[in-house]
Number of protein chains: 2
Amino acid sequence: MELIKTTAGGGYTSFASGLPDPQLFPVDTLRALTDEVLTRDGRAALQYGPAEGYLPLRDYVAGLLRERGFAGVTAEHVLITTGSQQALDLAARALLDPGDLVALETPSYLAAVQAFDSYEAAYAPVPMDSAGMCPQALSSARGAKLLYTLPNFQNPSGLTLAGERREKLAAWSASNGLALLEDDAYHDLRYDGEALPPVAALAPNPWAIYTGTFSKVVAPGVRVGYLCAQPEVVRRLGELKQITDLHTGSLTQRVVFEYCRAGHLEPGIARLRAAYRPRREAMLSALETHLGGIAEWTPPAGGMFVFVSLSEGLNASRLLQRSLERRVVFVPGESFYPGPKRPKNTLRLNFVSAGEEAIAAGIRVLGDVVREALA
Amino acid sequence: MELIKTTAGGGYTSFASGLPDPQLFPVDTLRALTDEVLTRDGRAALQYGPAEGYLPLRDYVAGLLRERGFAGVTAEHVLITTGSQQALDLAARALLDPGDLVALETPSYLAAVQAFDSYEAAYAPVPMDSAGMCPQALSSARGAKLLYTLPNFQNPSGLTLAGERREKLAAWSASNGLALLEDDAYHDLRYDGEALPPVAALAPNPWAIYTGTFSKVVAPGVRVGYLCAQPEVVRRLGELKQITDLHTGSLTQRVVFEYCRAGHLEPGIARLRAAYRPRREAMLSALETHLGGIAEWTPPAGGMFVFVSLSEGLNASRLLQRSLERRVVFVPGESFYPGPKRPKNTLRLNFVSAGEEAIAAGIRVLGDVVREALA
């Protein structure tokens, strides 16, 4: 965040942000729909609403989730949240007591870890390889209260949990009595292959909580996310949500619902994929050209990020200083590791917020910086 | 909430809700402004934004707060929140550890008490008389960590803290090292007399947190509230806010800002006062006619509620059953009392959500129900 503030508007090529490309927001469609909602249903759209969310939107989300593999879920399995960040925070608030152990991928999503930190969680970091979290390493996480996973195009690693590992993770957490918190914020931003089933849909677990968001496929500024869980859990989290912010915006929930209902969601996702896929190609090709042989990365099948590991001796934070001088920004990977073991030789690159030429030019600078450090 | 769901659309006269009258929402103005914001600034209005809030809105709120008596406050003293409920929850989350004692008015705002409950607070209830919280009763609250007060037209009691008591409360909490959480959600809905200074502005207290909202004076469905505190506290609460929901809606913050900037706020408040004042008169006059001599209440100088105390032996929850049969709904006061001592003979009446004739007819029914119970 500080990095983004410092470099805002300074002519930087930013690989640092976690932001989608605002040029792709469906501004005109959302403007027309907002006008329609306020014209037709303005008083309800501006009034207080139920803590669990706007019922037609809950119902619509339930339909989306059934398509993703959650058989039989209905509106009562869905809680609308103020972005999926709130879903993560509510789940953590309901589930974690000080000292409770959270099993999670290393590295992991920073703002989730910060939420767990705020409830004084401890961590059982589970290593990943190119197929995501390693099930054979889970034995070290026995005794954990909660398993947190971001299985699709993980932020920051870009890694995707392989299908058979999803089965294992689901079965393991259910049979060991762990709550499961699955963060699927990037679900629809898949550029290769078929969607894999959510972990939470693969084994009955009364404490499985699955979170998603409209931030990446409609727009983040509307702050509409959701979670899916058993109805009793939704009720409990709904009570917590009520004391947290009463409810998510009545107007923006309706606008998102109308966007979906009018059939804009699928073509919008197709447009995003068509725009982001070549940027990923540009990033991977530039990495190959400028960092091939001196760094490692796993090509992401979707999402917004690629995670690069440099030679052991290199320090990404120090490289960032050099890189900043040449107007190229990235985030050192160090901050994404919970606990004391934080490799210093990794960095996260956002490949969606710059255009293809800027990506190529920026990665060339990064290549130069790394080569100079190695020299 | 359950009560509101049960009686929705059933031809009830509702004195139960906590809702403002949606007929008074500035729907057309907000529609025009939303269109303008999305036309001019759509991409930023739909993008992620800073956790602390949209800077021009923070700046505007700082100006409002200076007018209320907070000398010298600037944008950095202001955090924009998802309704003032979130401000209360963030303050409680930052300040309270399990077992910490909260001094507060009895009765008090239910959703604040529920937030404190969620952090396992204990309570030092301070009684009120017609001039609000009684300072002479504060000695019993020594040792409390936090003083929570809703000084203007309190929900549920409708009481207003007298000017000289504000001085005392401010000085007492500062000199005894208590954090001060002042909830001023109803500030602008004053129907008689001049505004009194906020308690938090009357004595330097590093942990004074003042909360307000646009829910009552613009519309609740936009979910835009705020808090005012020392910049270090704002930074700390901003970090907490970030893990809670990243930030409040970028679009709705801009719409609220434009509403204020274009000069709609003052005339909007004048319109609300002009509409709500005669409803209060209708309520007070009907109470006098139908419950005079058999119940007690303090006429509220503003806000949305009047709180009625019946004879000691009467049970408001039982009266509610009779009243529901005749299609009149209210909230028994019992639920607004923290701790085990909960008088059963009180009830809260919302006087803004029904028209004057409906108020008169509804209170007549209530009078009949009470008289029958006394007979």
Legend entry - q = 0.10, 0.11, 0.12 Å⁻¹: log10 I(q)/I(0) that the Debye formula gives for the range A:268-375, counting C-alpha atoms only: -0.27, -0.33, -0.39
Inset, instruction - Mind checking the per residue accessible area of chain A for me, 1.4 Å probe, whole number of Å²? - result: 36
Inset, instruction - For the range A:72-154, compute Rh as the Kirkwood radius over C-alpha pairs and then the Stokes-Einstein diffusion coefficient at 20 °C and 1.002 mPa s; write the answer in µm²/s, rounded to an integer. - result: 157
Legend entry - Sparse-neighbour loop sites [trypsin sites (Lys or Arg not before Pro); the range B:44-76; at most 16 other C-beta within 10 Å; DSSP]: none
Legend entry - For A:98-105, mean number of other protein chain Cβ atoms within 10 Å: 0
Legend entry - C-alpha long axis of helix A:55-68 to longest principal axis of chain A, angle in °: 50
Legend entry - Other copies of B:A270: label-to-label distances in nm, shortest first, labels 7 Å along the beta-carbon direction: 5.4
Inset, instruction - Report the net charge of residues surrounding B:Y276, where surrounding means a beta-carbon distance below 13 angstrom and charges are Lys +1, Arg +1, Asp -1, Glu -1. - result: +2
Inset, instruction - Provide an ascending nm list, one decimal, of label-point separations from A:P231 to the equivalent residue in each further copy; define each label point as 7 Å from Cα along Cα→Cβ. - result: 5.3
Inset, instruction - Could you state how much accessible area is buried at the B-A interface, both sides summed, with a 1.4 Å probe, in Å² to the nearest 100? - result: 4300
Legend entry - Estimated 222 nm signal from helices in chain B, with DSSP H stretches of n ≥ 4 weighted -39500 (n - 2.57), rounded to 500: -13500 deg cm²/dmol
Inset, instruction - Counting other Cβ atoms within 10 Å, keep those with at most 12, restrict to DSSP loop, and tell me which trypsin sites (Lys or Arg not before Pro) in the range A:319-364 are left. - result: A:K341
Legend entry - Stokes-Einstein translational diffusion, chain A - Kirkwood Rh over all Cα pairs, 0.890 mPa s, 25 °C, in µm²/s: 115
Legend entry - Karplus-derived 3J(HN,Hα), 6.51/-1.76/1.60, for each residue of the range A:107-120, Hz, glycine and proline x: x, 9, 5, 4, 6, 6, 4, 5, 5, 4, 3, 5, 9, 6
Legend entry - Full-stretch length increase - A:R261, A:R273 - with 0.36 nm per residue and alpha-carbon distance subtracted: 2.3 nm
Inset, instruction - Set the Förster distance to 30 Å, then compute FRET efficiency between A:E296 and A:R142 from the Cβ-Cβ distance, nearest 0.05. - result: 0.45
Inset, instruction - Pick out, in residue order, every one of the GluC sites (Glu not before Pro) in the range B:287-375 that is DSSP loop and has at most 12 other C-beta atoms within 10 Å; say none if there are none. - result: B:E312
Legend entry - Between 0 and 90°, nearest 10: helix A:265-291 axis offset from chain A longest Cα axis: 20
Inset, instruction - May I ask you to evaluate 6.51 cos²θ - 1.76 cosθ + 1.60, the Karplus curve with θ = phi - 60°, for each residue of the range B:156-172 and list the ³J(HN,Hα) values in order in whole Hz, giving x for glycine and proline? - result: x, 7, x, 7, 10, 6, 5, x, 6, 5, 4, 4, 5, 4, 4, 5, 5
Legend entry - Karplus (6.51, -1.76, 1.60) ³J(HN,Hα), θ = phi - 60°, over the range B:180-196, in Hz, Gly and Pro reported as x: 10, 10, 10, 9, 10, 4, 9, 2, 7, 8, 9, 9, 10, x, 8, 4, 9
Legend entry - Against the rule of thumb 2.2 N^0.38 Å, how large the Cα Rg of the range A:62-109 comes out: 1.45
Inset, instruction - Give me the percent of DSSP beta bridges within the range A:1-158 that run antiparallel, rounded to the nearest 5. - result: 20
Legend entry - Using a 7 Å Cα-to-Cβ projection, B:E120 label spacings across copies, nm, ascending: 0.8
Legend entry - Shielding score for B:42-52, defined as the mean number of other chain Cβ atoms within 10 Å: 6
Legend entry - Size-normalised alpha-carbon gyration radius of the range A:168-294, reference 2.2 N^0.38 Å: 1.33
Inset, instruction - First compute the accessible area of the protein assembly as shown with a 1.4 Å probe, then give the percent of it belonging to carbon and sulfur atoms. - result: 51
Legend entry - Long-range Cα-Cα pairs in the protein assembly as shown (distance over 42 Å), rounded percent: 31
Inset, instruction - Determine the shielding of peptide B:247-255 by partner chains: average, over its residues, the number of Cβ atoms on other chains within 10 angstrom of each Cβ. - result: 5
Legend entry - Around A:T211: net Lys/Arg minus Asp/Glu count, Cβ-Cβ under 11 Å: -4
Inset, instruction - Please determine, in degrees from 0 to 90 and to the nearest 10, the orientation of helix A:250-261 with respect to the longest principal axis defined by the Cα atoms of chain A, where the helix direction is its Cα long axis. - result: 80
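The values are calculated or read from the model by the stated rules, or taken from the named source; none is laboratory data. What you are looking at is a predicted structure, and each value in this text was computed from that prediction instead of being measured. Cβ sites come from the backbone with ideal geometry, for glycine too, and all protein chains shown count toward neighbours. Quick note on the areas: whole protein, heavy atoms, side chains included, nothing else; ligands and nucleic acids left out. Shrake-Rupley method; radii C 1.70, N 1.55, O 1.52, S 1.80 Å.
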